[in-house]
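Quick notes on the structure that follows.
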Amino acid sequence: MRSGTAEFVESAEKVVGPNHVLTATEQTEPYAVDWTRRWEGHTPAVVRPGDVAEVAELVRLARRHQVALVPQGGKTGLVGGSVPLAGEVVLSLTRLTGIEPVDRLAGQVTVGAGVTLGALQAAAAEAGWAFGVDLAARDSATVGGMIATNAGGLHVVRHGAMRAQVVGVEAVLGTGAVVRRLRGLVKDNTGYDLAQLLCGSEGTLGIVTRARLRLVAPPGPLVVALLGLPSMTAAVAFAATLRTTLPGVRALEAMTGDSMRRTAAHLGVALPTTPTASAYLLVEADPASDDPTLTVADSLTRAAGEGALGDAVENAAVATAAGERAKLWRFREAQPEAAAALGVVHKMDVTLPTSELAGFCDDVAVAIADRWPEAATFLYGHVGDGNVHVNVVGGPEGEDVDDLVLEQVVDRGGSISAEHGIGTAKKRWLPRDRSPAEIESMRAVKQALDPDGILNPNVLFPPFCL
Ligand code: FAD
Ligand code: 2HG
Ligand code: ZN
């Protein structure tokens, strides 16, 4: 252990108590690897503060001893941002699990950064409300991690991403200063919005300790439909039409035929609709009508028009009961785990201009198959947001496949990260997506809020080492 780190650890024990500073390798190892298993590091210590005062004291100590900290929530981020890849100290926020009573009048709740999405959803439901973001890692992903990555998920077409749910935060900046604005004022134009600045900052500017979150009305009776379509072009066009014609549309998710068949094989179940389609579209809506199924079926039929797409509607699997809806959702939500079951996955999480989305999916799949015929490529994502996840497994060891995919994204005017962030995985690519002026502005913000570069120094920017 470097001497500054040893002194930090000794002082940290006095702040959080010896039980909350882990240094034995068998204790720290689980904190040094994330869900993907692609990102694995090592750490001299894991520190687990119990409140904002302890977080602030730890940041001040880290500054004094020049120790780098990696803020960590549920380790479900997919770009290596919460992993101590360069031997940093891990600051785990999972003890910050307080959930205050739901403010039923405002439709808001204040929760600790370590609260999981699942616990937040349950608390909201108990008070007659719902939370606007949902994603498959709901039982592990934390509010702090979701704010730090500006998580998107399955309902962005309806409610927006995480930043749209954040009304205020409490956070400890890299300076050690505590900023707190949890009054729940929806309208509050009093200068820079620090809460929004922290959304998507990937633990590089401040450590979120609490958040004031907007809640949404719970959905009415839900209908889920899974359709097999002749092409990704058809899926994109169909989804675009449904955004304007399907009342209460909540989710528009697309998958290629190959991804769907591999996921069905992983789950050991047959596809409930046309098994040989080139693309699949999962639609969820709560149309608030007397007969929600009929309303959805009508909208799908109108969107499909004549011919092959009409067949897709005829053959669609449609579900209303919770258990049946969940079965259809499994074909979508299990895509990441189906890929992971084949090995360590290269993940690219990208957005394309809608007009480029289908062409990108077709071309990138062919380009990968031509160059690495042994690789399995999964393409799935939130087609309603122009966001597709490219998962490649069993291909090359290095970064070649990432480069091939991201090159196409940049050439087509897309973004190299739609929802997971830059992390360590894509920081090499940041200058291809962001201009020098943008990167310099971001560095200036980093310098102001984290002058010693102690918060996640190896994330987002190319090296910012101590
Ligand atoms: P971590 O992985 O622990 O950390 C992520 C980043 O946030 C790191 O940079 C870390 O340093 C920082 N951080 C963590 N806590 C704090 C804090 N309190 N203060 C400041 N910085 C902090 N993401 C989507 O956007 N949409 C999806 O649909 C989606 N689906 C997923 C499905 C699966 C099966 C999996 C495994 C992941 C999925 N994700 C998705 C990615 C992931 O769940 C989200 O990025 C989530 O927001 C990460 O939360 P976490 O608590 O696990 O954060
Ligand atoms: C999803 O939409 C997540 O399922 C995860 O964002 C994507 O694992 C991935 O690549
Ligand atoms: Zn996603």
**Euclidean distance between Cα centres, the stretch 384-456 to the stretch 118-190, Å** = 23 Å
**Request:** Give the percent of DSSP beta bridges with both residues in the chain that are antiparallel, rounded to the nearest 5.
**Result:** 90 percent
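Give me D for the stretch 33-176 in µm² s⁻¹, whole number, from Stokes-Einstein with Rh from the Kirkwood sum over alpha-carbon pairs, 25 °C and 0.890 mPa s. Working shown, then result.
Details: Rh = 16.0 Å.
Diffusion coefficient, whole number: 153 µm²/s.
Which percent, nearest 5, of DSSP beta bridges in the stretch 312-466 are antiparallel?
Numbers: 15 of 16 bridges.
Here the antiparallel bridges make up roughly 95 percent for the stretch 312-466.
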**Prompt:** With θ set to phi - 60° and the Karplus curve 6.51 cos²θ - 1.76 cosθ + 1.60, what are the ³J(HN,Hα) couplings of the stretch 110-124 in order, to the nearest whole Hz, using x for Gly and Pro?
**Reply:** 10, 9, x, 5, x, 5, 6, 4, x, 5, 5, 4, 5, 5, 5
**Request:** Could you pull the Cα extents of the stretch 197-345 along its three principal axes, largest to smallest, in whole Å?
**Result:** 54, 42, 30
**Request:** Hey, can you find the accessible area per residue of the chain for me, probe 1.4 Å, expressed in square angstrom?
**Result:** 40 Å²
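Take a quick pass over the chain and tell me how many lysine pairs come in under 19 angstrom between Cα atoms, counting only ones 8 or more apart or on separate chains. Before the final figure, lay out the partial values.
Values: Lys75/Lys347; Lys75/Lys426; Lys75/Lys427; Lys347/Lys426; Lys347/Lys427; Lys426/Lys446; Lys427/Lys446.
Number of lysine pairs found: 7.
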**Request:** Leaving ligands, DNA and RNA out of it, report the carbon-plus-sulfur percent of the accessible area of the chain at a 1.4 Å probe.
**Result:** 52 percent
**Prompt:** Separation between the Ala86 and Arg434 pseudo-spin-labels, each 7 Å from Cα along Cα→Cβ, expressed in nm?
**Reply:** 1.6 nm
**Message:** Could you work out how much longer the chain between Val186 and Ala448 gets when fully extended? Use 0.36 nm per residue separation minus the Cα distance between them, nm to one decimal.
**Reply:** 91.6 nm
**Over the chain, equivalent-ellipsoid semi-axes from the Cα gyration tensor in Å** = 39, 26, 19
**Request:** Please list the non-local residues whose amide H lies under 5 Å from the amide H of His155, H modeled 1.01 Å from N, same-chain partners needing a gap of 5 or more.
**Result:** Asp134
**Asked** Spin-label point model (7 Å from Cα, Cβ direction): what's the Ala367 to Ala341 distance in nm?
**Response** 3.0 nm
**the stretch 126-191: Cα Rg divided by the 2.2 N^0.38 Å rule of thumb** = 1.26
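The values are calculated or read from the model by the stated rules, or taken from the named source; none is laboratory data. All values reported here derive from a predicted model rather than from experimental measurement. Cβ coordinates were reconstructed from backbone atoms using ideal geometry, including for glycine residues, and neighbour counts include every protein chain displayed. Surface accessibility is based on the protein's heavy atoms, side chains included, excluding ligands, DNA and RNA. Shrake-Rupley method; radii C 1.70, N 1.55, O 1.52, S 1.80 Å.
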